[in-house]
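Structure below; questions to follow.
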Amino acid sequence: MRIIITPQELEQHRAALSDHATALDALRVIEDCDGDLEDAAIALAIRSGQEPDTSDRWLEGLAKRWRPALCNADLRESLEDGLSGAVVDAIAASTEIPSKLVTPVALYVLKSGVQDFCQPLAEKL
């Protein structure tokens with residue numbers, strides 16, 4: 001599933017994350033990649049010293065690895081309220097996702113639908 005962040009969405013996220021320099025940098029990279037979240041995540045991963053092994057669905061795999069933390073009740077509730085500085089901080093504090101990738105992961109979960117993203121975990125419990 002290809003996820004595109006529109007220019008309007010980028011502006012909304014910039015306003016919500018105006019005091020988070022790393023998140024704003026991630027949004028600039030997303031904009032440079034014409035809104036393509038996967039392409040931006042790979043570019044940011046390389047900048048973070050990661051070596052993505054695929055260019056297709058890499059971000060999805062990263063997000064799924066952290067699904068238990070992302071779908072924890074408090075963080076899930078925060079994500080359902082949308083992207084904010086508090087959400088970025090909470091993801092960074094509860095995972096080991098490189099800081100440059102926190103924003104793309106959060107956007108992936110939001111654009112996929114928090115309920116849909118967390119459903120497989122709920123089914124296992």
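The values are calculated or read from the model by the stated rules, or taken from the named source; none is laboratory data. Keep in mind it's a predicted model, so treat the numbers as computed, not measured. Cβ sites come from the backbone with ideal geometry, for glycine too, and all protein chains shown count toward neighbours. Each accessible area value is taken on the protein alone, full model and side chains, heavy atoms only, with ligands, DNA and RNA left out. Shrake-Rupley method; radii C 1.70, N 1.55, O 1.52, S 1.80 Å.
Please report the equivalent ellipsoid semi-axes of the stretch 68-118, computed as sqrt(5 x eigenvalue) of the Cα gyration tensor, largest first, in whole Å.
On the way: eigenvalues 43, 25, 21 Å².
One finds semi-axes of 15, 11, 10 Å for the stretch 68-118.
At a probe size of 1.4 Å, how large is the accessible area of Arg14, to the nearest 10 Å²?
Answer for Arg14: close to 50 Å² accessible.
I need to check one value: relative contact order of the chain, counting alpha carbon pairs closer than 8 Å and at least 6 residues apart, in percent. Mind dumping the intermediate values first?
Working: 134 pairs, mean separation 34.9, N = 125.
Worked out over the chain, it gives 28 percent.
How large is the Kirkwood hydrodynamic radius of the chain, in angstrom, based on all distinct alpha carbon pairs? Don't skip to the answer; put the middle values down first.
On the way: mean 1/r = 0.0699 Å⁻¹.
About 14.3 Å, per the Kirkwood formula over Cα pairs.
Quick one: which residues, 5 or more positions from Asp36 or on another chain, have an amide H under 5 Å from its amide H? H modelled 1.01 Å from N in the peptide plane, none for Pro or chain starts.
Ile5
Membrane-span-like helices in the chain: DSSP H runs reaching 18 Å or more (Cα, own axis), mean Kyte hydropathy at least 0.0? Please report the intermediate quantities before stating the final value.
Numbers: long enough: 99-112 (20 Å, 0.91).
Both cut-offs are met by 99-112.
Within 10 Å of each candidate Cβ there may be at most 13 other Cβ atoms; applying that plus a DSSP loop requirement, which GluC sites (Glu not before Pro) in the stretch 65-125 survive? Walk me through the numbers on the way to the answer.
Values: sites: Glu77, Glu80, Glu96, Glu123; in loops: Glu96.
Those that pass, being in a loop and sparsely packed, are Glu96.
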